[in-house]
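The structure under discussion appears below in the form of structure tokens.
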Amino acid sequence: MRFTSLGSGSSGNGLVVENGRTRVLMDCGFGLAETKARLERAGLKPKDITAIVVTHEHDDHMGGVARFSLRYAIPVYLTRGTAQWLPEDFPAVLVRYIDSHTPFAVDEIRVDPIPVPHDAREPVQYVFSDGAVRLGVVTDLGTVTQHVVEKLSGCEALVIECNHDLDMLMTGPYPDALKRRVAGRFGHLSNADACHLVQALDRGKLRHLIAAHLSQQNNTAALAVEALARGAGCEREWIGVARQDEGFDWRDA
Ligand SMILES: [Zn+2]
Ligand SMILES: [Zn+2]
């Protein structure tokens, strides 16, 4: 199983997990042409995507889902709460409802949803597996729950939100209400939150640790890397970063 990010951050997200001929696109926050171009960079065509799994309705995750799905007839997996944000005339034949606590399979990839606290209708994050190794991806959560810790424990690969440095957020340009939202219990993980999450995990099998969903205004890659390295007790060189423009290259889980 391998995985790549098409881009990560508040301007758009997309991550591809591949096992054999099955490829799952987790979220699509980019327009049609942009998604196509980013897939091409990863050596993929739109038709190579088997399914889209959606985390929640925010534009940076769902903004490009309906059009991409319609254009290439790709099924969309999402909770009923998130599905309320599909266009009214979206064809039912492309919709696969999921339960936020029940694992499901997309051909050769097993997908395990994790409910998370975030200011959306029914948000989830995901753990992907080929039966041998597991990749956990969590962005967009305001609080780390014990359930999140349990689901991410023992994974071979982790992509974890490092949204902001709390000092940069609080002294930065955001209006007060937005600062409170981002730092709140249903907002986003700070670098320190991500560090504590990694510390709390069983890291026995961990081989990939990647910082994601970094705020362009309120964080730097160096601070995020530092936080995850501290959490994992490892060298900084070992930590990857998912960028808004480039995402990150394929990695073998
Ligand atoms: Zn987001
Ligand atoms: Zn969100």
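Test T82 against the stated conditions and say whether it is within 16 Å of ligand 1 (Cβ to nearest atom), touching a Lys or Arg at 6+ places or on another chain (Cβ under 7 Å) and of a type in the set (S, T, Y).
For T82, the condition - within 16 Å of ligand 1 (Cβ to nearest atom), touching a Lys or Arg at 6+ places or on another chain (Cβ under 7 Å) and of a type in the set (S, T, Y) - is met.
Return yes when E34 is within 15 Å of ligand 2 (Cβ to nearest atom), in contact (Cβ under 8 Å) with a residue 24 or more places away in the chain and surrounded by fewer than 23 Cβ atoms within 10 Å (Cβ to Cβ) and no when it is not.
Values: within 15 Å of ligand 2 (Cβ to nearest atom): no; in contact (Cβ under 8 Å) with a residue 24 or more places away in the chain: yes; surrounded by fewer than 23 Cβ atoms within 10 Å (Cβ to Cβ): yes.
The answer is no for E34.
Against the definition (within 25 Å of A232 (Cβ to Cβ) and either open to solvent by less than 40 Å² (accessible area, probe 1.4 Å) or within 16 Å of ligand 1 (Cβ to nearest atom) (or both)), how does A157 come out, yes or no?
When the stated conditions are applied, A157 passes them.
Could you list all residues from region 105-155 that are within 18 Å of W85 (Cβ to Cβ) and among the small types (G, A, S)?
Listed by number, the list holds a single entry, A120.
Conditions tested, residue by residue: (1) more than 23 Å from A224 (Cβ to Cβ); (2) open to solvent by 20 Å² or more (accessible area, probe 1.4 Å); (3) of a type in the set (S, T, N, Q).
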{"position": "S10", "(1), (2), (3)": "no, yes, yes"}
{"position": "T22", "(1), (2), (3)": "yes, no, yes"}
{"position": "M26", "(1), (2), (3)": "no, no, no"}
{"position": "F30", "(1), (2), (3)": "no, no, no"}
{"position": "K45", "(1), (2), (3)": "yes, yes, no"}
{"position": "H61", "(1), (2), (3)": "no, no, no"}
{"position": "R67", "(1), (2), (3)": "yes, yes, no"}
{"position": "Y72", "(1), (2), (3)": "yes, yes, no"}
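Of the residues that sit in region 47-59 and are under 15 Å from T22 (Cβ atoms) and not aliphatic (A, V, I, L, M), which one is surrounded by the most Cβ atoms within 10 Å (Cβ to Cβ)?
Residue satisfying both the conditions and the ranking: T50.
Restricting to region 129-149, count the residues that are more than 16 Å from ligand 1 (Cβ to nearest atom), closer than 17 Å to D193 by Cβ and open to solvent by 30 Å² or more (accessible area, probe 1.4 Å).
Count: 4.
What pairs come up if the first residue lies in region 51-74 and is within 16 Å of ligand 2 (Cβ to nearest atom), the second is aromatic (F, W, Y), and their beta carbons are under 6 Å apart, counting only those six or more places apart or on different chains?
Short answer, once both residue conditions are applied: V53/Y77; E57/W85; G64/F30.
The values are calculated or read from the model by the stated rules, or taken from the named source; none is laboratory data. From a predicted model like this one, the values you see are computed outputs, not experimental measurements. Ideal geometry is used to build each Cβ from the backbone, glycine not excepted, and the neighbour counts take in all protein chains shown. When the accessible area is computed, the model is the full protein with side chains, heavy atoms only, and any ligands, DNA or RNA have been set aside. Shrake-Rupley method; radii C 1.70, N 1.55, O 1.52, S 1.80 Å.
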